[in-house]
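Working notes for the structure below.
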Amino acid sequence: MSAKPKPLSGLTKRLIQDGLIDLDAAEKYGLEATRARRPLVSYLVRENIVSAEAIAAAASSEFGTAIIDLDALDPSAVPEGLVSEKLIRDHHAFPLFQRGKRLFVAVSDPTNRAALSDIQFQTGITTEEVLVREDQLTAYIEHHLGEPEEEGLTDFGDDVDLDLETVDPDQEDEEDAGAPADDTPVVRFINQMLLNAIRMGSSDLHFEPFEKSYKVRFRTDGILHEVASPPVNLSPRIAARLKVMSQMDISERRVPQDGRIKLKVSKTKSIDFRVNTLPVLFGEKIVLRILDASAAQMGIDALGYDDDQKALYLEALNKPQGMFLVTGPTGSGKTVSLYTGINILNTPELNISTAEDPVEINLEGINQCAVNAKVGLDFSTALRSFLRQDPDIIMVGEIRDIETAEISIKAAQTGHMVLSTLHTNSAPETITRLRNMGVPAFNLATSINLIVAQRLARRLCSCKEKIDIPKSALIEKGFSEEQVDKGFDVFGPKGCGKCSGGYKGRVGIYEVVKITPEISKIIMEDGNSIEIAAECAKQGFKNIFQSALIKVMTGLTSLEEVDRVTSGH
């Protein structure tokens, strides 16, 4: 059955009236545009049938709308991530800027009402059209969106394949009762949010109900950004849909729940989401953590270690026994550092077991155990079992108590390599923390091989701009006189259509400390973290702040970002 041309719009009638095309041609081109899956205006300009200037003039005259020159607008005002790429490409409409509670959307055909209504539904913001020339609109979209960053993602739309493809019919409004579950606006909205988060490289999605509004925020490069505000009355349906997808009990709204979602983004690639619900004042807040298995396969060179730090990392990792500790606040990349080490060690000759809460990334060839306090399977219980299963390497998700610490140290002292994490701010403070737990100083001094403290700083985009800072100010900031005399450029964020506020991606900042005989002596003498830090400095181990300044000198990040992740000292 052949495709039918779209009905002639007011703009098409105006083009006929002005003699730019005739009726037969309009019907012919309308059919060809439908087959090509392009808007008629875009098709006419692309095929050089009618000029973009003539169509814009006709539209302006017909609808009494001024033509806006896109070249005169500030590209930094574009609200990045607010509208999905698929919606922009499908409707050939682009969000230009937001003023208060209104979003201004560029269109070349003012009769394209579907674009405005769909964008308004996704964002929850009142939309207004802005008339622009078709050739400028196409160039603007290509400039801001460019080529898809990840193969296959742009091929998915509302029909993205999820593990659970239906929602509970009881959760649907009457107006959707006759429609398939996957065709409902809530399902399409959530699917699009998941895909947008993947495209933007986000780590977490927050769905938050308030009394008079509903917000969706993405954590991208460590910073939360509001990306959508759907109608607040959809709050129960959004929560129900996410809970069904996560295989949770949708009738239970009084206690927190945990679940997982698997999103197939191609025939060979899938991404997992860890989901947690929390009852709040006006509904349920739901947070999704994106668990991308590719992060564990990046390799040590992609993590951002300096050459001397990388050498210490690999040296400690290849020792036959001892403890390898990674510390830092939540969200500092500790898990990726551990998984990278585990992947380096993962060979058929080694028996590797991990105890995690929860298991974030599935690794082939490694025995992964998810701790479950409800049934009595905690870290210490899992560790005891590991020691009866002929292990070579053990990974403990986190040392939280004296029992787990003692068993980990015992394993490290009896011929096993033990990798684990703690929540401390620096390598010297890690020793103090374990001592405060009750671990004897002698055990710490003889079992720990290496401590890595880390942070994640936002990486400057290629649009970065040079900043002139006086030498005295640089020295005051923490750079040595020798570094300043040698000279280096300091860069700051600028902002472009391909980044978020001048930053794109993140870079690791590390303090890597090898437990030398001198440091061991201080530990056994029950020295405090200040004494240990002084010895680390004496032996040439860079602390977090010094490592961060090196990242500034190499142009990878900014001084403002260093202050943010290191508290300025």
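Observations, loosely collected:
- Surface analysis of the chain yields an accessible area of 48 Å² per residue, using protein heavy atoms and a 1.4 Å probe.
- Cα gyration tensor shape of the stretch 220-262, rounded if a/c is under 1.5, else prolate or oblate by comparing a/b with b/c: oblate
- Residue separation of residue 488 and residue 469 scaled by 0.36 nm, minus their Cα-Cα distance, works out to 5.8 nm of gained length.
- Within the accessible area of the chain (1.4 Å probe), percent carbon and sulfur: 48
- Relative packing of 303-313, 62-72, 455-465, which averages over residues the other C-beta atoms within 10 Å, highest first: 455-465, 303-313, 62-72
- Under-5 Å amide H pairs with residue 368, H placed in peptide plane, nonlocal only: 354
- Net length gained if the chain between residue 98 and residue 480 were fully extended (0.36 nm per residue, minus Cα distance): 133.1 nm
- Estimated dipole of the chain in Debye, rounded to 20 [Cβ of Lys and Arg +1, of Asp and Glu -1, Cα centre]: 680
- Taking 7 Å steps out from each Cα toward its Cβ at residue 77 and residue 13 produces label points 3.3 nm apart.
- At an R0 of 35 angstrom, the distance between the Cβ atoms of residue 53 and residue 213 translates into a FRET efficiency of 0.25.
- ³J(HN,Hα) computed for each position of the stretch 352-364 - Karplus, 6.51 cos²θ - 1.76 cosθ + 1.60, integer Hz, glycine/proline x: 10, 10, 10, 10, 10, 9, x, 6, 7, 10, 7, 10, 5
- Only helical runs count toward this figure. For the chain, summing -39,500 (n - 2.57) over DSSP H runs of n ≥ 4 and dividing by all residues gives -10500 deg cm²/dmol at 222 nm.
- Note on residue 330/residue 60: beta-carbon distance plugged into 1/(1 + (r/R0)^6) with R0 of 45 Å gives a FRET efficiency of 0.25.
- Where labels lie 7 Å past Cα in the beta-carbon direction, separation of residue 401 and residue 344 in nm: 3.3
- Here is the list for the stretch 368-434: trypsin sites (Lys or Arg not before Pro) lying in DSSP coil, each with at most 14 other C-beta atoms within 10 angstrom of its C-beta, are 388.
- The simple Förster model, with R0 at 41 Å and r as the Cβ-Cβ distance, assigns residue 531 and residue 280 a FRET efficiency of 0.35.
- Using the average count of surrounding beta-carbon atoms within 10 Å as a protection proxy, the listed peptides 344-351, 324-331 rank, highest first, as 324-331, 344-351.
- Dimensions of the chain along the principal axes, based on C-alpha atoms and rounded to the nearest Å, stand at 93, 63, 47, largest first.
- Cα centroid of the stretch 219-241 to Cα centroid of the stretch 307-365, whole Å: 34
- Span from the the stretch 385-410 Cα centroid across to the the stretch 416-447 one, whole angstrom: 13
- The magnitude of the dipole of the stretch 441-569, with charges of +1 and -1 set on the Cβ of Lys/Arg and Asp/Glu and taken from the Cα centre, is near 840 debye.
- Amide H contacts for residue 327 (H built 1.01 Å from N in the peptide plane; partners 5 or more residues away or on another chain; cut-off under 5 Å): 422, 452, 453, 454.
- The stretch 278-365 pair-distance distribution - Cα-Cα, 5 Å bins, rounded %: 2, 10, 20, 23, 18, 11, 5, 4, 4, 2, 1
- Pair residue 436, residue 126: separation of 7 Å Cα→Cβ label points (nm): 5.3
- Taking 0.36 nm per residue of separation and subtracting the current Cα-Cα distance, fully stretching the chain between residue 375 and residue 314 would add 18.3 nm.
- Between 0 and 90°, nearest 10: helix 235-245 axis offset from the chain longest Cα axis: 60
- In Hz, Karplus ³J(HN,Hα) per residue of the stretch 546-558 (6.51, -1.76, 1.60; θ = phi - 60°; x = Gly, Pro): 5, 5, 5, 5, 5, 5, 5, 4, 8, x, 7, 8, 10
- Applied to the stretch 371-381, the Karplus parametrisation 6.51 cos²θ - 1.76 cosθ + 1.60 on θ = phi - 60° returns per-residue 3J(HN,Hα) values of 5, 9, 5, 4, 9, x, 9, 9, 4, 5, 5 Hz, with x for Gly and Pro.
- Given 212/262; 310/542; 310/551; 464/498, the pairs whose alpha carbons are separated by over 23 Å: 212/262
The values are calculated or read from the model by the stated rules, or taken from the named source; none is laboratory data. Bear in mind the structure is a predicted one, so any value in this text is a computation, not a measurement. Cβ atoms come from the backbone with ideal geometry, glycine included; neighbour counts cover every protein chain shown. Ligands, DNA and RNA are excluded from the accessible area calculation, which covers all protein heavy atoms including side chains. Shrake-Rupley method; radii C 1.70, N 1.55, O 1.52, S 1.80 Å.
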